Amino acid sequence: MPRIAIVPCRAMPDYEESVRRVGGDPIALDRLAPVPADLASLYDGVLFTGGGDVDPARYGAAPHASYQAADEGRDEFEIALARAAVTAGLPIFAICRGMQVLNVALGGTLVQDIPTMVNGALDHAVPEPRYHLAHEVWVAKGTRLSTMLRDKMVEGDILQVNSRHHQAVSTPAEGFIVSATAPDGVIEAMERPGDAFIVAVQWHPENFYRTGEFRPLFEGFIEAARPA
Ligand code: MN
């Protein structure tokens with residue numbers, strides 16, 4: 001059974017259950033300890049989870065008034081973890097803050113506050129219920145995301161997603177492509193083409209584990225993480 005390292009966050013059960021339901025073994029990491037040096041021998045994949053904002057100093061920006069720091073130690077731990085996981089060639093699935101921290105770790109930048117920095121922004125902060133479908137996204141053809149969700153889209157490229165974020169990726173890190181955008185231009189998913197499974201989404205697919213709308217994302221991740 002693939003061993004999936006999960007960055008601990010305040011809403012762990014849905015992430016853990018999403019991994020279990022597709023045959024993975026979720027293992028919470030210790031964010032206050034150093035990243036294990038032998039990451040690839042301990043785990044088969046890494047799941048980055050939701051949380052507060054990445055310190056903008058990490059990508060060379062001054063903090064916006066809305067900045068809400070993440071839990072102690074997370075920036076340091078997750079940036080090191082992301083770099084180590086990419087170097088080790090481990091499959092990576094990054095969700096919400098996870099997508100943002102992965103992007104910053106690899107040299108990208110963020111939009112610090114969608115409502116004040118994106119013209120004509122949709123409402124991306126709809127906290128309840130967690131599975132509320134807040135807006136649509138347009139999926140780029142030929143991407144891993146599109147392949148995994150081919151049976152879930154309408155008109156070939158449209159998905160309805162939930163949304164609980166006030167930040168987003170601005171400039172994707174080198175080597176990444178944008179795989180989904182919201183109608184207001186906000187980047188909602190990205191991935192790194194290549195042999196390794198490196199997929200990130202801005203919405204919260206883990207909140208749908210009961211109904212399975214986004215189960216193919218977890219299935220694709222676990223399949224990539226399955227030991228050969
Ligand atoms: Mn959104």
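The values are calculated or read from the model by the stated rules, or taken from the named source; none is laboratory data. The model shown is predicted, which means the values in this text are computed figures rather than measured ones. Positions of Cβ are backbone-derived with ideal geometry, glycine not excepted, and every protein chain shown enters the neighbour counts. We work out accessible area using only protein heavy atoms, side chains counted, and drop any ligands, DNA or RNA first. Shrake-Rupley method; radii C 1.70, N 1.55, O 1.52, S 1.80 Å.
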- Note on the structure: When (1) open to solvent by less than 50 Å² (accessible area, probe 1.4 Å); (2) among the hydrophobic types (A, V, I, L, M, F, W, C); (3) within 15 Å of the ligand (Cβ to nearest atom) are applied to Met117, the one that fails is (1)
- Task: Would you mention how many residues in region 135-144 are open to solvent by less than 60 Å² (accessible area, probe 1.4 Å) and in contact (Cβ under 8 Å) with a residue 60 or more places away in the chain?
- Result: 1
- Over region 64-83, the set of residues in a loop (DSSP other than H, G, I, E, B) and of a type in the set (Phe, Trp, Tyr) is Tyr67
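Pull up region 1-31, narrow it to residues that are assigned to a helix (DSSP H, G or I) and open to solvent by 20 Å² or more (accessible area, probe 1.4 Å), then point me to the one that is nearest to Ala69 (Cα to Cα). Break it down stepwise before answering.
Start the filter on region 1-31 by keeping residues that are assigned to a helix (DSSP H, G or I), which leaves 12-20.
If we keep only those that are open to solvent by 20 Å² or more (accessible area, probe 1.4 Å) as well, we get 12-13, 16-17, 20.
Values: Met12: 19, Pro13: 22, Glu16: 24, Glu17: 27, Arg20: 30 Å.
Across region 1-31, the extreme among qualifying residues is Met12.
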- Could you please give the count of residues in region 154-182 that are open to solvent by 30 Å² or more (accessible area, probe 1.4 Å), away from the ligand (no atom under 12 Å from the Cβ) and modelled with pLDDT of 95 or more? 10
